[in-house]
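The values are calculated or read from the model by the stated rules, or taken from the named source; none is laboratory data. Note that the coordinates shown come from a computational prediction; the quantities given were computed from them, not determined experimentally. With ideal geometry, Cβ positions are generated from the backbone for all residues, glycine too; neighbour counts draw on all protein chains shown. Heavy atoms of the whole protein, side chains included, go into the accessibility calculation; ligands, DNA and RNA do not. Shrake-Rupley method; radii C 1.70, N 1.55, O 1.52, S 1.80 Å.
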Amino acid sequence: MGRAFEYRKATKMARWGHMARVFTKIGKEITIAVKAGGPDPDSNPRLRVLIKQAKAENMPKDNIDRAIKKATDKSAEGYKEINFEGYGPHGIAIFVETLSDNNNRTVANVRSYFTKHGGNLGTQGCLQFLFDRKCVFTCEPKEVDMDELELELIDFGVDELGQDEEGNIIMYGAFESYSDIQKYLEANNFEIKSAEFVRIPNDFKDVTPEEREGVQKLLDKIEEDEDVQNVFTNMAPEE
C-alpha cells in the first residue's frame, strides 16, 4: 500500500481514546457542517456522514441534537477554525487543526505547548509544502472486486484504496473530491462508517527512540487540549 496507509499506521489516536473527547470532536464538526450546509441531513451530505459516525461511536442523540442546535442558535458563540504550524524537537513538522470559540485561549495554549516542549510555532502556511490534504472514507466490509473498484473510483478522485485488518474498505482522495466520492459510495450502497480530512506528509523524518519520546510528549500535550481536533506530523512510523 502507499504513503497514506503507511501514515495511517504511524498516527497516534490518543485524542480518540476517551469517549468524552470523541463526542466533543464530532459535536464540533457537526456544528461546523450545519453552519456550512444547513441542519437537514438529507440535503447536507457532510452532516449525513457525521451523524452516522456519531451513532457508530455511541454518541447520545441529545448530544447530536445539541450540536445541531448550537449551529442554528444565533445567540450562541460559533466555532472558528484555526490552524497552527510549527516544529517540535529535532525538526519534526507539526500541523495542528483546532475548532475554538475563544481564539485568544487557543493561541495562548498551543504556543505554550510548543515553547515548553522544545518546539516553536511558525507562520501560517510555512508547512503547506510538506503535507498533502486528503479526504479519507472508511466503509463497512463488502463483497467487491478491489481492483475493479479502484479503477472505477479513480474517475471520482480516489488515489489510494485498501482494506484494514477488519476488512473495512478505506479510500483516500483529493480534498476537493470529498463530495464526488461520497455521492458514488451512497449511490452504490456502501455503508460509510466515517469520513474525515487528513494531512499526509510528503516525506517522513527518522528519529531515534529517545528523540521520539521527546516529540511524543509535545504531541500528547497538544492532543489533550479540548480545542484541538487533529494533529499531523512527519515523524517516521515506529518500527
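Kirkwood radius, segment 76-206, all distinct C-alpha pairs, inverse of mean reciprocal distance: 17.1 Å. If you wrap the Cα atoms of the chain in a convex hull and average its projected area over all directions, you get 13.4 nm². With contacts taken as Cα pairs under 8 Å and at least 6 residues apart, the chain reaches a relative contact order of 25 percent. Across segment 196-206, coupling constants 3J(HN,Hα) worked out from phi with the 6.51/-1.76/1.60 Karplus curve, θ = phi - 60°, read 8, 10, 10, 10, 9, x, 5, 9, 9, 10, 6 Hz, and Gly and Pro carry x.
Note on segment 83-160: Kirkwood radius taken over Cα pairs, Stokes-Einstein applied at 20 °C and 1.002 mPa s, translational D equal to 136 µm² s⁻¹.
The residues of the chain have, on average, 52 Å² of accessible surface per residue, using a 1.4 Å probe with all protein chains present. For the listed peptides 110-123, 92-105, 23-36, a ranking on the average number of other beta carbons within 10 Å per residue, highest first, reads 23-36, 92-105, 110-123.
Projecting the Cα positions of Gly173, Ile51, Asn234 onto the charge dipole of the chain (unit charges on Cβ atoms of Lys, Arg, Asp and Glu, taken about the Cα centre) puts Ile51 furthest along the positive direction. Across segment 84-128, Cα pairs under 8 Å and at least six residues apart give a relative contact order of 56 percent. Taking only the C-alpha atoms, wrap a convex hull around segment 135-205 and report its volume per residue in Å³ as a whole number. Dividing the Cα hull volume of segment 135-205 by its residues yields 101 Å³.
Pull up the DSSP beta bridges for segment 21-157 and report the antiparallel fraction as a percent, rounded to 5.
Just about 100 percent of them are antiparallel.
Rounded to the nearest 20, the Cβ-based charge dipole of segment 58-122 about its Cα centre (Lys and Arg +1, Asp and Glu -1) stands at 140 debye. Within the listed set Glu186, Glu143, Glu152, the Gaussian network model of the chain (springs between alpha-carbon atoms below 10 Å) gives the highest mean-square fluctuation for Glu143. Residues whose amide H lies under 5 Å from that of Glu191, counting only those 5 or more places away or on a different chain, are Glu140; hydrogens are built 1.01 Å from N in the peptide plane.
In segment 161-239, inverting the average of 1/r over every pair of distinct C-alpha atoms gives 15.6 Å as the Kirkwood radius.
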